[in-house]
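A.B. asks: Quick one: structure below, then a few questions.
The values are calculated or read from the model by the stated rules, or taken from the named source; none is laboratory data. Remember, predicted model here, so these are calculated numbers, not experimental data. A quick note on method: Cβ atoms are made from the backbone with ideal geometry, for glycine too, and the neighbour counts reach across all protein chains shown. When the accessible area is computed, the model is the full protein with side chains, heavy atoms only, and any ligands, DNA or RNA have been set aside. Shrake-Rupley method; radii C 1.70, N 1.55, O 1.52, S 1.80 Å.
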Amino acid sequence: MKINLNKNLLSSALVTSLFAVSQPLKAEDIELYVNYDIEITEKPRVVVVFDTSGSMAWDVTTGKKCSTWWGGEVPCENSRLNVAKAAISDLVITNPDVDFGLMRFSSESGKGGYVVNGLGVDSATMLASVDNLPADGATPLSETLYEAYRYLIGGNVDQATKMSKRDKSVESNSRYISPFIPKEENGEVILRCDNSINMILMTDGDPTSDTLRNDKIKALFPSGSKPSPIKTDGGDSNYLHALADHLYNNDLWAATPDVKDVGRTYTIGFGT
């Protein structure tokens, strides 16, 4: 079956995911009990993980290569990249009450992905960053989500240390500043009702060049409950599913033990 996906369809899928993201703001009783002093005007938090692999330069309807080479891939007008850019830009413009962040794949194999804009970036900067995204490199899905995990927990910068264009404003002394850290105003800690951060992982294909963080992902699980890998079409073992499971089912910010801070992963696949 051939699926012709245009900007409107992809944008609709993204908005559907965003609607699902927003639902946890209707907190359960236990959350309201724990977060008794909440900020009711808080914004949902969404990190868009943008596929910048070379195949994003291909035609979105035929699946064939339509790019030209000029010191790098120059996508045709109907490329997957341009459709995705338009959809993400529309998502940002039409949802001003959401705090967005942006990650992308590295263009170099073995370097995973990195934070382009941290959560809460202003919309103009986010839109400019999206507009400048290229189509170049592999599809390191789990490596990039692992870097997102490091960001969420406030861990050491991992593969992204090699990327000079990463957003260093979300770092301090080579460690990420976790977006789960509660904000303070006038010496008062401001707790949230929604203690989740949501990743929209958008891609046009299976993982490629994406095995360098398999052992680190498996190490997140205790002995006796190590996850089994999933084989991709390319034959590589992948633990993307296990990492998404860990993000959702574990408290990612231990400094607030009465609150469970989690990450939700929404996947959107598109292309022919």
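A.B. asks: Is the stretch 44-157 rounded, prolate or oblate when judged by the Cα gyration tensor, a ≥ b ≥ c being the square roots of its eigenvalues, rounded requiring a/c under 1.5 and prolate requiring a/b larger than b/c?
C.D. replies: oblate
A.B. asks: If amide hydrogens are placed 1.01 Å from N in the peptide plane, which non-local residues have theirs closer than 5 Å to the one on THR265?
C.D. replies: It is MET199, by chain and number.
A.B. asks: Please find the FRET efficiency linking ILE190 to ASP258, where r is the Cβ-Cβ separation and R0 is fixed at 22 Å, and quote it to the nearest 0.05.
C.D. replies: With R0 = 22 Å, the Cβ-Cβ based efficiency is 0.90.
A.B. asks: What does the convex hull of the alpha-carbon atoms of the stretch 162-225 project to on average, in nm²?
C.D. replies: Projected area, direction-averaged: 8.4 nm².
A.B. asks: When a/c reaches 1.5 or more, the comparison of a/b and b/c decides; with that in mind, is the stretch 99-243 rounded, prolate or oblate per its Cα gyration tensor?
C.D. replies: Judged from the Cα gyration tensor, the stretch 99-243 comes out oblate (a/c at least 1.5, b/c at or above a/b).
A.B. asks: Further question: Using all Cα-Cα distances in the stretch 195-272, what percent lands in each 5 angstrom bin from 0 up to the longest?
C.D. replies: 3, 14, 20, 22, 20, 12, 6, 3, 1, 0
A.B. asks: Quantify, in whole percent, the carbon and sulfur part of the accessible surface of the stretch 139-272 (1.4 Å probe; protein heavy atoms only).
C.D. replies: Values: 3030 of 6440 Å².
It is 47 percent, rounded to a whole number.
A.B. asks: Right, something else. Would you grab the residues whose amide H sits under 5 Å from the one on ILE190? Only those 5+ places off in sequence or on another chain, please, with H modelled 1.01 Å from N.
C.D. replies: Distant-sequence amide H within range of ILE190: LYS183, GLU184, GLU185.
A.B. asks: Separate question: Note down the accessible area of LYS111, probe 1.4 Å, to the nearest 10 Å².
C.D. replies: Answer for LYS111: close to 40 Å² accessible.
A.B. asks: With the crude spin-label approximation of a point 7 Å out along Cα→Cβ, what separation in nm comes out for GLU77 versus GLU42?
C.D. replies: Here the modelled spin labels are 4.5 nm apart.
A.B. asks: What figure, in Å² to the nearest 10, do you get for the accessible area of MET103 with a 1.4 Å probe and non-protein molecules left out?
C.D. replies: The accessible area comes out at roughly 0 Å².
A.B. asks: Could you order ARG45, ARG213 so the one with the most accessible surface comes first? Probe is 1.4 Å.
C.D. replies: On the way: ARG45 20, ARG213 40 Å².
Result, largest first: ARG213, ARG45.
A.B. asks: Once Lys and Arg get +1 and Asp and Glu get -1 on their Cβ, which of VAL98, ILE88, VAL60 lies farthest toward the positive end of the dipole of the stretch 56-101?
C.D. replies: Farthest towards the positive end: VAL60.
A.B. asks: Using a 1.4 Å probe and ignoring any ligands, DNA or RNA, find the accessible area of LEU152 and quote it in Å² to the nearest 10.
C.D. replies: 0 Å²
A.B. asks: Related question: If we sort 92-98, 115-121, 138-144, 74-80 on the protection proxy, mean other Cβ atoms within 10 Å, highest first, what's the order?
C.D. replies: The packing order, highest mean first, is 138-144, 115-121, 74-80, 92-98.
A.B. asks: Here's another thing I want to ask about it. Amide H neighbours of ILE177 under 5 Å, at least 5 residues apart or on other chains, H built in the peptide plane: list them.
C.D. replies: Answer set, sorted by chain and number: GLU171, SER172.
A.B. asks: Keeping every protein chain present and rolling a 1.4 Å probe, give me the accessible area per residue for the stretch 143-272 in Å².
C.D. replies: 49 Å²
A.B. asks: What is the stretch 63-129 by shape, rounded, prolate or oblate, if you read a ≥ b ≥ c off the alpha carbon gyration tensor as root eigenvalues and call it rounded for a/c under 1.5, prolate for a/b larger than b/c, and oblate otherwise?
C.D. replies: It comes out oblate by the Cα gyration axes.
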